[in-house]
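J.: What follows is a structure written as structure tokens; I'll ask about it next.
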Amino acid sequence: MKRTTIFLTAIVFLLNCNLAGAQKSIVDKINQYGTFDHWSVREVKESGLIGGQTRYLYEFYGNPTDTLRKKKPVFVAPEGYYWRTNNVYANVSGVEKVNNTDYPEPRNGGYCIRIETHIEYVKVMGMFDMEVTCQGALLVGSLPEPIKDTKDPMSKPLYGIPFEGHPTALVFDYKCNVGNEVIRGTGFSKLKPMGRKDYAVAQVLLQKRWEEEDGSVHALRCGTAGHVFKQSQESWVNGYTLPIHYGDISGEPYYEPECMEILNGTSMDFHALNSKGKNVKVIEEGWAEEGVEPNFLIIKFITSNDLPFYGGVGNTFWLDNVKLIM
């Protein structure tokens, strides 16, 4: 009996060690690429219908001299690369188009990342213009390509990765230009100033997710970190710490509902692929009780805290040395 108990204890110990090692590997890779010092570029020739320009999509892995030229330039993440920019290749009814909101920028002998909200101007057949407000974003997760339509834009990025653990903080260097006026730009009407200001957001969420028999994906919120950057910062702030809090924090003095509230039925709900590969909205039901272990990690930076196709044009967020602290 004692030998059996010792054997089972050893097996559990080894499984826990393997799990801990796997999570450490994920954190190490998140932190490794969070230096933003190694970039690659995809070269894409847009369709002649919209001008036929050669454009470039940036992603921070590889080498600065890597330029990928291929017939179908869809993004494929290399092993261990959990980050994703909001730079995306679209093919809508055969019309190829790209959009960049994230760029490499020199800093301290290496690079940082510059994320911005801007207007993308598209001239169709040389006759009429489309003007679209594009929000800059950086996430841990995926953004499957090609984008095939503009419907339900919040369903396109799949925020987050499977993860078990209790990180304590997200640390990063930053500077920002925020508080610019929200401009609505849907591409189907003239640009419209909305008379309100817009700000950048940093966010870390840990969830306990599960799938029901009908394929719906549900979650409880285990851990939360977030901050809305409402003041521009011209010089770099190094080692800014965003602490991760566990449990129901809605009554705490540091609670910021704009970036910490439970996401259920809002326009900013996250999406996921269920076990059948269907894109579904994640139903975040509430706060997890004490002791519920998370199984999913979301890290998100965005230059706009407004609706899709709305944003503070000119909002810019510079980031460097992003680290998840365990």
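The values are calculated or read from the model by the stated rules, or taken from the named source; none is laboratory data. Only a predicted model underlies this, so the values are computations on that prediction, with no experimental measurement involved. As a convention, Cβ positions derive from the backbone with ideal geometry for all residues, glycine included, and neighbour counts pool all protein chains shown. To get the accessible areas, we keep the full protein, side chains included, count just its heavy atoms, and leave off ligands, DNA and RNA. Shrake-Rupley method; radii C 1.70, N 1.55, O 1.52, S 1.80 Å.
J.: So, restricting to strands (runs of 3 or more DSSP E) that lie completely within segment 254-326, which ones have at least 2 residues that are open to solvent by 40 Å² or more (accessible area, probe 1.4 Å) and modelled with pLDDT of 95 or more?
T.: Qualifying strands (runs of 3 or more DSSP E): 279-287, 316-325.
J.: Of all residues in segment 112-155, which are at pLDDT 90 or above, open to solvent by 20 Å² or more (accessible area, probe 1.4 Å) and of a type in the set (A, V, I, L, M)?
T.: 119, 132, 147
J.: Tally the residues that are open to solvent by less than 60 Å² (accessible area, probe 1.4 Å) and over 25 Å from residue 34 (Cβ atoms), restricting the search to segment 224-248.
T.: Result for segment 224-248: 1.
J.: Which count do you get for residues in segment 181-221 that are assigned to a loop (DSSP other than H, G, I, E, B), in contact (Cβ under 8 Å) with a residue 24 or more places away in the chain and either aliphatic (A, V, I, L, M) or over 18 Å from residue 258 (Cα atoms) (or both)?
T.: Residues in segment 181-221 being assigned to a loop (DSSP other than H, G, I, E, B), in contact (Cβ under 8 Å) with a residue 24 or more places away in the chain and either aliphatic (A, V, I, L, M) or over 18 Å from residue 258 (Cα atoms) (or both): 7 in total.
J.: Please work out which one of (1) assigned to a helix (DSSP H, G or I); (2) over 26 Å from residue 147 (Cα atoms); (3) at pLDDT 90 or above is the condition residue 22 fails and give its number.
T.: Against the list (1) assigned to a helix (DSSP H, G or I); (2) over 26 Å from residue 147 (Cα atoms); (3) at pLDDT 90 or above, residue 22 comes up short only on (3).
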